[in-house]
Structure formats: structure tokens, C-alpha cells
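**Q** Starting off with a structure, shown below.
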Amino acid sequence: MPALRSKPFLAWEPLPYLVVFVLLLLTGVVRPDGPPWLLWPFLVVLGAAVAWLVVGLVRGSRRSNPDQWGDLTTIDGLELVDAPRVEREVRAVVPVADAHRRQPAIELARLYGGTEQLAVLVPRSSRWLSRRYRVGVQLVGGDRPRHAGFLSPAADDRWRGLLDGMREQARYARVPALITGGSRPYGVEVDLSGLERLEGTAAE
């Protein structure tokens, strides 16, 4: 089964808010003294939309690891599969995208874990308001995981299938990472050479 590239539309977090907002706008058209055949179905739909919104809020408040956006709260209890660096002629080091949005988290990871540490790759991660699934990079060299960004599009396309298949088995790859720069803006690079070995193992 191919890895999902985006969230199902009905699972998109802002959708219930948009539906309720549109229905509330329509209350200016559908008046209480309007015809019953229009008023009552509208009230039923509005009530169902509000219930959908409340269910989404309750579900979003439940703690899960990773959460609905792919963030980790801890690595305790996760099955991590190490993919250490493999010596090869062609480097498999890739920069982490969106690191500029994660500077405070990266700085704390550098402070507690140093410049060289490990990162857990979490497929089906996303940003708020985005339906697109990406592979999140969680630095785990410090006292707790910190989200450093996402794999670049090319690396995401290359490794999404393997990582998503591992996720289905509740397993996550852990790779070497390097925080670059002596001050902000920091960058993050991950070495993905060990994933080829995992890919070969999965194919057997």
C-alpha cells in the first residue's frame, strides 16, 4: 500500500471550524420565523457540525506519541531502529527543511545534546493548516525530543515508503544528525545512508 501523501479531507483539523463558521454566516439568511422545511434541517446540520467540532477538540486534547502533527513528547515506549552512518563515496547527508521556523527548539537541543546527536524520523507529520504529510525530524540528543523541521522534498519522496511502512509497525528510524552554525540561524543535517540498509532488510 503506497504511503499517504496528505491527510484525508475530513481529517483536516481546520475543516470543522470552517463548516461551523459558514453555517453561522447562514443564520443571517435562515431566520427562526422561516419555513420549517428549511429551518429544522438547518438546525440539525448546525448541531451536527458543532458536535463534530467538539469531538475534534476532545480528540486533539488526548495525549498521543507522536501526536496528530507528528511531534514526539518522549522516546520512551517507542521502538526505535538505529540507522547508523554508512561509509560510502557519495554522501547521503541532507539538510532539514523549515529549520528556520524551529530555531528555539534547535538551540535548546544544541544546548542539552551538543552539535552531534541523533534524530528520529516521524512520517505523517504536518504543519498546522496543512493537509500535506511530511517526514518530521525530531532531535533526541538532549533531555527530550525537539522538532527541528522536515526532510527535504527529494529525501521525503525517496524514503517516505520505507518510513511509513515502519510506522505501520510502530517502529521509527533513528539517524545521525548534526546542528550547524555557531549561532542563529542554526541548520540541521541528517545522515540517511543507514536507511539503505534498513530498506534492504525490509525487502528480505
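The values are calculated or read from the model by the stated rules, or taken from the named source; none is laboratory data. Here the structure is a predicted model, which means the values were calculated and not measured. Every residue, glycine as well, gets a Cβ built from its backbone with ideal geometry; the counts of neighbours run over all protein chains shown. Quick note on the areas: whole protein, heavy atoms, side chains included, nothing else; ligands and nucleic acids left out. Shrake-Rupley method; radii C 1.70, N 1.55, O 1.52, S 1.80 Å.
This table checks each residue for (1) over 30 Å from ARG160 (Cα atoms); (2) charged (D, E, K, R); (3) under 26 Å from the mean Cα position of the chain (by Cα); (4) at pLDDT 80 or above.
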site	(1), (2), (3), (4)
MET1	no, no, yes, no
LYS7	no, yes, yes, yes
VAL19	yes, no, yes, yes
LEU25	yes, no, no, yes
GLY34	yes, no, no, no
LEU46	yes, no, no, yes
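**Q** Here's a follow-up. Within segment 55-62, is even one residue closer than 20 Å to ALA170 by Cα, touching a Ser or Thr at 6+ places or on another chain (Cβ under 8 Å) and not polar (S, T, N, Q)?
**A** Checked against the condition, which is being closer than 20 Å to ALA170 by Cα, touching a Ser or Thr at 6+ places or on another chain (Cβ under 8 Å) and not polar (S, T, N, Q), segment 55-62 yields no hits at all.
**Q** Pull out all pairs, ordered by first then second residue, where Cβ-Cβ is under 6 Å, the residues are six or more apart or on different chains, the first lies in segment 147-169 and is surrounded by fewer than 17 Cβ atoms within 10 Å (Cβ to Cβ), and the second is outside any helix (DSSP H, G or I).
**A** Hits for this filter: GLY161/ALA3.
**Q** How many of the residues in segment 119-146 are within 19 Å of TRP12 (Cβ to Cβ), assigned to a loop (DSSP other than H, G, I, E, B) and open to solvent by 20 Å² or more (accessible area, probe 1.4 Å)?
**A** 6
**Q** From (1) crowded, with 20+ Cβ neighbours inside 10 Å; (2) more than 18 Å from the chain's Cα centre (by Cα), pick out the condition that doesn't hold for ILE106.
**A** (2)
**Q** Out of curiosity, is VAL135 among the hydrophobic types (A, V, I, L, M, F, W, C), in contact with a Ser or Thr (Cβ under 9 Å, 6 or more places away or on another chain) and within 15 Å of PRO66 (Cα to Cα)? Quick ask: steps written out before the conclusion?
**A** Details: among the hydrophobic types (A, V, I, L, M, F, W, C): yes; in contact with a Ser or Thr (Cβ under 9 Å, 6 or more places away or on another chain): yes; within 15 Å of PRO66 (Cα to Cα): yes.
Considered against the rule, which asks whether it is among the hydrophobic types (A, V, I, L, M, F, W, C), in contact with a Ser or Thr (Cβ under 9 Å, 6 or more places away or on another chain) and within 15 Å of PRO66 (Cα to Cα), VAL135 comes out as yes.
**Q** Can you find, within segment 65-81, the residue that is farthest from GLY142 (Cα to Cα) among those that are open to solvent by 80 Å² or more (accessible area, probe 1.4 Å) and touching a residue at least 60 places away in the same chain (Cβ under 8 Å)?
**A** Only one residue tops the list, namely GLU79.
**Q** Being within 23 Å of LEU129 (Cβ to Cβ), free of Cβ contacts under 8 Å to residues at least 12 places away in the same chain, among the hydrophobic types (A, V, I, L, M, F, W, C) and open to solvent by less than 60 Å² (accessible area, probe 1.4 Å) is the filter here; which residues of segment 17-64 pass it?
**A** Once the filter is applied, which keeps residues that are within 23 Å of LEU129 (Cβ to Cβ), free of Cβ contacts under 8 Å to residues at least 12 places away in the same chain, among the hydrophobic types (A, V, I, L, M, F, W, C) and open to solvent by less than 60 Å² (accessible area, probe 1.4 Å), segment 17-64 yields only ALA51.
**Q** Could you count how many residues in segment 148-165 are more than 18 Å from THR201 (Cβ to Cβ) and touching a helix residue (DSSP H, G or I) at 6+ places or on another chain (Cβ under 6 Å)? Before you say what the answer is, go through the steps one by one.
**A** Start the filter on segment 148-165 by keeping residues that are more than 18 Å from THR201 (Cβ to Cβ), which leaves 148-157.
Adding the requirement that they be touching a helix residue (DSSP H, G or I) at 6+ places or on another chain (Cβ under 6 Å) leaves 148-149.
Here the count works out to 2.
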